[in-house]
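The values are calculated or read from the model by the stated rules, or taken from the named source; none is laboratory data. The model shown is predicted, which means the values in this text are computed figures rather than measured ones. No Cβ is skipped: glycine too gets one built from the backbone with ideal geometry, and neighbour counts run over all protein chains shown.
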Amino acid sequence: MIVELIEFLLKRQRGLRTAGSIALAIIVVWSVTGVDTHHAHTWLEKYIPGFWAIFASISALVLIFVASWLGRSGIMTREEYYDI
Amino acid sequence: MTSSFLHPSLILIFGAALLPLARGPFRRPYLCLVPILTLLDVVYLSWHPGLHGVVEFLDRWTLVFGRVDSLSMVFAFIMALMAIIGTIYGLHVRDNSQHIAAWLYVSGSLGVIYSGDYLVLFLFWELMAFSSTFLIWLNRDEGATAAGFRYLLVHTFGGVLLLLGFVLHYQTTGDLSFNQLDPQNTTLATWLIMGGLMLNAAVVPFHSWLPDAYSRATITGAVFMCAFTTKTAVYTLARAFAGFEVLIVLGVVMAIYGIVYAIIENDIRRLLGWEIISQVGYMVAGVGIGTALAINGTCAHAFAHILYKGLLFMAAGAVIHATGRSKFTDLGGLYRKMPMTLIFMLIGGVSVSAFPFFSGFVSKSMIIAAAFEAHLLPAAFLLTMVSAGTFLVAGLRLPYLLFFGENRCSQSTWDKATDPPWNMHLAMLCAAFLCLFIGSYLPFLYGMLPYQEINFHPYTSYHLSETLQILGFTALIFALFRNKLAPQATISLDLDWFYRLGGRGFLWLATHPIQWLDTAWGAVYRVVGLYSLIAIARFSAWFDWHGIDGLVDGSARCVRAIGRRLALVLQRGNIQQTIYLSVTFVAILLVSYVWF
């Protein structure tokens, strides 16, 4: 049953993308209009709409690119590196 | 103190000793019974807080085996619970040694948690290190023996640091009790103790042993190891080092360092190992913040982390158990063959990623909130950044590369892949249920936390909106840049490079210059020493023969010659003449004696 459900969803990737985009839009609209930010930790969160969406996007990008850059800079090496 | 105190570690130690006697149909019930009794004992003790098992040692030291208070209770409870789950997960394992090592390891952890002084702590600390090494060695795969030795050596170093710290601390204070140390009055002993504890908590730069060891341990062994060593160390840090600000910095560094390495990792269990370092970073930072909310957050996160990380290691173990492969580059597309394992891994992934209604949501947020409340904005924002990274790695990259995406399995791997036996399912089901239960029913976890006066409400609209934004947009970035996260058949160099190559350098030194010196010394000894010794020996023999023996023999020959001459004069065969000469000689002697 689980396999059928996954294959059903995988066959409808365009629909999935649309559903995901709508969900993201709802989250942002709700966060901007429906959530009280008076108890936010900092003024950044209070006054920048969708602050955490921007923060998460930048964070994920920074982590991906920093990790990728570090890997290419010599951290990633051949698997048998430590084999004598 | 209650007279009926039975240390939970003793149940596990005796249980392990008697395990070989449990055979046939009794073995599996026995395997379940021992950790269940341990948990019941822990629960019983939690109804009797105070000091138990207080022993006078050598009329000089007071040892405390059972300090039961609000901090030790929560950690002991989750350790005992995880011992049950881990044992159920390993029920199919026929090798008794693995169960014995695991139970001794858990008993070490419980012993540390209940210890009230440094001596007892050190005893159980070393029991943990020693027994967990066998969880690596008992994996007969290539590289496990060497990894076990590395693990043992690193932990021996940590143990030595700790012991030095304890001795110095005792020398300066005369006190062995294991309590909060003063951040304003630090000594060398303080830093040595902290260093020893930090090594077990895998604090950067003492962290490299963790992914190395956990990826080489037995499948069941890794499930145990992911729960006990680091979280026991977090307990000890929370007990003695709350409010040490250096831990905030180290915790944040751990969180970032672990997640960056997890992003580029190719081995499933190494990735989860890096993820542990990252998550323990939150706890270490929480200890460093040291406020009541932060300590509550640390305890809650350790509790939640043991369950979801155990679940992730169990799901990863199920994949390795079925396929014999542990690298993303050898796996992929497994949802068709292992759908239940996928579900459990997803539950572990969403729990660690702090999805609402799952355990991470109610625990991790407490530490971040404590950082914001303490106005530690850089730490708070960086830890939130790592939350996005956690979802990226454990919630998205891990299940995507294993179960979806490109199928990189060989035909034999694909044929072998199947969901694991019932006991592994049951263990994962228990952990998955608890992840959901903790996240949905707050009093269960929050009721156990040490500072009950602190009120924390994770289910506010603001926190929900913050979390959903972070999760949603991290998923968006993953969808857009997932090719950047594709696996590569590589390993990542880390600080273990220094001691691994240092060890190799030492080996080179031993086999080349030191060996050369030894050979040269042997040659010098042979040429100079041996020949001169032979020459001296020959001279001695000559001197002995010709000098000493000549002198002695010459004297003897001289006496013999004189005797012969005398005999010729005195013993001519004429008895009267002989008597005459003898009597005359005696008379002369007597006269001389009397006269003089």
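Laid out as a table, the results:
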| quantity | calculated |
| --- | --- |
| Some residue of the range B:363-383 being in contact (Cβ under 8 Å) with a residue 60 or more places away in the chain and outside any helix (DSSP H, G or I) | yes |
| Options B:Thr329, B:Thr298: the member that is surrounded by fewer than 24 Cβ atoms within 10 Å (Cβ to Cβ) and either in the same structural domain as B:Leu434 (by TED's automatic domain parsing) or assigned to a helix (DSSP H, G or I) (or both) | B:Thr329 |
| Enumeration of residues in the range B:41-60 that are of a type outside the set (Phe, Trp, Tyr), part of a loop (DSSP other than H, G, I, E, B) and at pLDDT 90 or above | B:His48, B:Pro49 |
| Tally, over the range B:35-65, of residues that are more than 28 Å from B:Ile84 (Cβ to Cβ) and aliphatic (A, V, I, L, M) | 4 |
| Tally, over the range B:53-71, of residues that are surrounded by 14 or more Cβ atoms within 10 Å (Cβ to Cβ) and out of contact with any Lys or Arg (no Cβ under 8 Å at 6 or more places or on another chain) | 12 |
| Filter pass, B:Phe433 being free of Cβ contacts under 8 Å to residues at least 60 places away in the same chain and over 25 Å from B:His301 (Cβ atoms) | no |
| Test for B:Trp521: is it at pLDDT 90 or above and away from chain A (no Cβ under 14 Å) | yes |
| Subset tally (residues that are of a type in the set (A, V, I, L, M) and out of contact with any helix residue (DSSP H, G or I) (no Cβ under 9 Å at 6 or more places or on another chain)) for the range B:56-85 | 1 |
| Check on B:Val386, surrounded by 24 or more Cβ atoms within 10 Å (Cβ to Cβ), within 21 Å of B:Ala255 (Cα to Cα) and touching a Pro at 6+ places or on another chain (Cβ under 7 Å) | no |
| Filter result (in contact with a helix residue (DSSP H, G or I) (Cβ under 8 Å, 6 or more places away or on another chain) and without any contact (Cβ under 8 Å) to a residue 60 or more places away in the chain) within the range B:396-427 | B:Pro399 |
| Hey, B:Gly116 within 27 Å of B:Gly281 (Cβ to Cβ) and surrounded by 21 or more Cβ atoms within 10 Å (Cβ to Cβ) or not | no |
| Residue in the range B:396-418 that is among the basic types (Lys, Arg) and over 21 Å from B:Val350 (Cβ atoms) present | yes |
| Hits in the range B:336-353 - residues which are buried (at least 20 other Cβ atoms within 10 Å of the Cβ), within 24 Å of B:Trp274 (Cβ to Cβ) and within 12 Å of another protein chain (Cβ to nearest Cβ) | B:Met338, B:Thr341, B:Leu342, B:Phe344, B:Ser353 |
| From B:Phe228, B:Phe206, residue being out of contact with any His (no Cβ under 8 Å at 6 or more places or on another chain) and part of a loop (DSSP other than H, G, I, E, B) | B:Phe206 |
| The range B:566-589: number of residues that are surrounded by 10 or more Cβ atoms within 10 Å (Cβ to Cβ) and not in a loop (DSSP other than H, G, I, E, B) | 16 |
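Yes/no matrix, rows are residues, columns are (1) more than 30 Å from B:Arg270 (Cα to Cα); (2) free of Cβ contacts under 8 Å to residues at least 60 places away in the same chain; (3) surrounded by fewer than 21 Cβ atoms within 10 Å (Cβ to Cβ); (4) outside the structural domain of B:Gly273 (by TED's automatic domain parsing):
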| position | (1), (2), (3), (4) |
| --- | --- |
| B:Glu126 | no, yes, yes, yes |
| B:Phe130 | no, yes, yes, yes |
| B:Thr133 | no, yes, no, yes |
| B:Ile136 | no, no, no, yes |
| B:Asn139 | no, no, no, yes |
| B:Thr156 | no, yes, yes, yes |
| B:Gly165 | yes, yes, no, yes |
| B:Thr187 | yes, yes, yes, yes |
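Residue-wise test of (1) of a type in the set (Val, Ile, Thr); (2) part of a helix (DSSP H, G or I); (3) modelled with pLDDT under 95; (4) within 18 Å of B:Gln180 (Cα to Cα).
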{"residue": "B:Ser72", "(1), (2), (3), (4)": "no, yes, no, yes"}
{"residue": "B:Ile78", "(1), (2), (3), (4)": "yes, yes, no, no"}
{"residue": "B:Ala102", "(1), (2), (3), (4)": "no, yes, no, no"}
{"residue": "B:Tyr105", "(1), (2), (3), (4)": "no, yes, no, no"}
{"residue": "B:Val112", "(1), (2), (3), (4)": "yes, yes, no, yes"}
{"residue": "B:Leu123", "(1), (2), (3), (4)": "no, yes, no, no"}
{"residue": "B:Leu127", "(1), (2), (3), (4)": "no, yes, no, no"}
{"residue": "B:Ile136", "(1), (2), (3), (4)": "yes, yes, no, no"}
